[in-house]
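Colleague: Below is the structure I would like to discuss, written out as structure tokens.
The values are calculated or read from the model by the stated rules, or taken from the named source; none is laboratory data. Here the structure is a predicted model, which means the values were calculated and not measured. Neighbour counts run over all protein chains shown; Cβ positions are idealised from the backbone, glycine included. The protein model used for the area step is the full one, side chains on, heavy atoms only, and it has no ligands, DNA or RNA in it. Shrake-Rupley method; radii C 1.70, N 1.55, O 1.52, S 1.80 Å.
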Amino acid sequence: MQIFRQLAEVPANFGPSIATIGNFDGVHRGHQWVIAEVVSRARALDQRSVAITFDPHPARVIRPESSQPLITPLAQKLELLSATGIDATLILPFTEELSRMTARIFATDVLQQTLHVTELHEGENFRFGYQAQAGVENLEALGRELGFSVRVYAPRHLRGEAISSSRIRQLIANGNVSHVRALLGRSFAVHSTPASGRGYGTRYTVPTINLAPYAELLPANGVYITSLTVGVGASSETFDAVTNVGNRPTFGADSFAVESYLLNFHPIKLNESTPLTLTFLHRLRAEMRWPNPEALKEQIGRDVAKAKRYFNLCRVVGSRPHSADPLATLLEP
């Protein structure tokens, strides 16, 4: 996938193209459906397929006081977009100047003159231009004038529930990571590095790893069955884990951390820049204050036993827990 990080980077001979515009936070199953149609149409017409997105998220410029953490920060979003098979992504830096651009100028400068768009695919709630004054009807009118057609999509539903970034964000914030998997089409994951100051060296011999402070969306405080991938590519290794997201209240003053206990741990190479991918599979319980460390230790033992049962059941039925969670009810005693 080609990546253009500003309009000026797009080659003069780019296109003709089939395009879609959006924030694509989460690159969820609704996004994937529209992008698949864009890719299919582009291949059928021997054109380029392109996704147009923004960085930072427009809400962080227009409504900074009420903007929310992202499901997928830009680097992760680009990885997920690349996996769809789309030919290119244009990242428009969202500035005050861009926020004041009219719908007509945007359609002319970006869609017609730069990307040479022949078809634009958008959801029926799509809005654009200064103060989001233009909707799909305005877009269709501009398309007729500027030489591109518009295909409008109704919201995608799964078992009667609309698939949307806002709904997915709400579910993650509530800790419902099992439900989120169905809407995303994959398990929710966080990409980070190890926390600093933990004594990481050439060989790491303790089965607990803390994530570095993470500015984007995390599940609600609680204890989760997770998997933790250390490194990337062929040299990476994935461990079964139990992860606590929270303030560790049993030990006194609150100290927020995302702390993973690796179930099948062995000494590994690890330093403070090692990439980590923490994948949330199932919520076990809320975070609690225990009367003493011994009571907490007993509960951790019960959490680990449930996690091991979960992974064993997944392996028995021959499915990776990242794609479905049919085993949740079997975790109960």
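Colleague: Write down the percent of antiparallel bridges among all DSSP beta bridges whose residues are both part of the chain, to the nearest 5.
Modeller: 60
Colleague: For the chain, what does the accessible surface come to per residue with a 1.4 Å probe? Please give it in Å².
Modeller: Heavy-atom accessible area per residue stands at 48 Å².
Colleague: By how many nm would the segment from Asn247 to Ser166 grow when fully extended, if each residue of separation counts as 0.36 nm and the alpha-carbon distance is taken off?
Modeller: Full-extension gain reported as 26.6 nm.
Colleague: Efficiency by 1/(1 + (r/R0)^6): what FRET value for Ala141 and Glu237, r their Cβ-Cβ distance, R0 = 51 Å, to the nearest 0.05?
Modeller: Rounded to the nearest 0.05, the efficiency is 0.40.
Colleague: At 7 Å along Cα-to-Cβ for each site, give me the label-to-label distance between Asn174 and Glu97 in nm.
Modeller: The two pseudo-label positions are separated by 4.3 nm.
Colleague: Compute log10 of I(q)/I(0) for region 96-242 with the Debye formula, placing one identical point scatterer on every Cα and leaving out solvent, at q = 0.08, 0.10, 0.14 Å⁻¹, to two decimals.
Modeller: Ignoring solvent entirely, the Cα scatterers give -0.42, -0.62, -0.89.
Colleague: Right, something else. Taking 25 Å as R0, compute the FRET efficiency from the Cβ-Cβ separation of Ser273 and Arg60 and round it to 0.05.
Modeller: That gives a FRET efficiency of 0.40.
Colleague: Please report the relative contact order for region 142-295, taking Cα pairs under 8 Å with a sequence separation of at least 6, and give it as a percent rounded to a whole number.
Modeller: Dividing the mean separation by the residue count of region 142-295 yields 28 percent.
Colleague: Please work out whether region 52-166 counts as rounded, prolate or oblate from its C-alpha gyration tensor, where a ≥ b ≥ c are the square roots of the eigenvalues and a/c under 1.5 means rounded, while otherwise a/b larger than b/c means prolate and anything else oblate?
Modeller: Rounded.
Colleague: For an R0 of 22 angstrom, estimate the FRET efficiency from the Cβ-Cβ distance between Ser82 and His157 and round to the nearest 0.05.
Modeller: The pair Ser82/His157 has a calculated efficiency of 0.25.
Colleague: Using unit Cβ charges (K, R positive; D, E negative) and no other charged atoms, how large, in debye to the nearest 20, is the dipole of the chain about its Cα centre?
Modeller: 900
Colleague: Let me ask something else about it. Could you work out [θ]222 nm for the chain from helices alone, using -39500 (n - 2.57) per DSSP H run of at least four and dividing by all its residues? Round to the nearest 500 deg cm²/dmol.
Modeller: Mean residue ellipticity at 222 nm (helix-derived): -8500 deg cm²/dmol.
Colleague: Give me the percent of the accessible area of region 171-292 that comes from carbon and sulfur atoms, probe 1.4 Å, all protein chains in place.
Modeller: Carbon and sulfur atoms account for 52 percent of the accessible area of region 171-292.
Colleague: Turning to a different aspect of this structure: Please work out which option in (i) 19.7; (ii) 23.0; (iii) 16.1 gives mean projected area of the Cα convex hull in nm² calculated from these coordinates, and answer with its label.
Modeller: Correct label, based on the coordinates given: (i).
Colleague: Among 146-154, 217-225, how do they line up by average Cβ neighbours within 10 Å per residue, starting with the highest?
Modeller: Output ranking for 146-154, 217-225: 217-225, 146-154.
Colleague: Same structure, new question: Once each part is reduced to its C-alpha centroid, what is the distance from region 277-294 to region 32-60 in angstrom?
Modeller: Taking the Cα centre of region 32-60 as reference, the centre of region 277-294 is 39 Å away.
Colleague: Something else now. I want to make sure I understand the PRE zone here: with the label point 7 angstrom from the Cα of Ser196 toward its beta carbon, which residues in region 258-278 have backbone N atoms less than 19 Å away?
Modeller: 258-259, 270-276
Colleague: Right, another one. Can you tell me the relative contact order of the chain? Whole percent, Cα pairs under 8 Å, sequence separation 6 or more.
Modeller: Reported relative contact order: 15 percent.
Colleague: So what is the diffusion coefficient of region 157-302 in µm² per second by Stokes-Einstein at 37 °C and 0.692 mPa s, using a Kirkwood Rh over Cα pairs?
Modeller: 203
Colleague: Would you mind checking the tilt of helix 293-317 against the longest principal axis of the Cα atoms of the chain, expressed as 0 to 90 degrees and rounded to 10?
Modeller: Result, in degrees: 60.
Colleague: What angle, in degrees between 0 and 90 and rounded to the nearest 10, separates the Cα long axis of helix 29-45 from the longest principal axis of the Cα atoms of the chain?
Modeller: 40
Colleague: Still on this structure, I have one more. Please compute the contact order of region 1-157 in relative form: average sequence separation of alpha-carbon pairs under 8 Å and at least six residues apart, divided by the residue count, as a percent.
Modeller: Relative contact order of region 1-157: 30 percent.
Colleague: While we're here: So how tilted is helix 74-83 from the main axis of the chain? Cα-based, degrees 0 to 90, rounded to 10.
Modeller: It is inclined by approximately 70 degrees.
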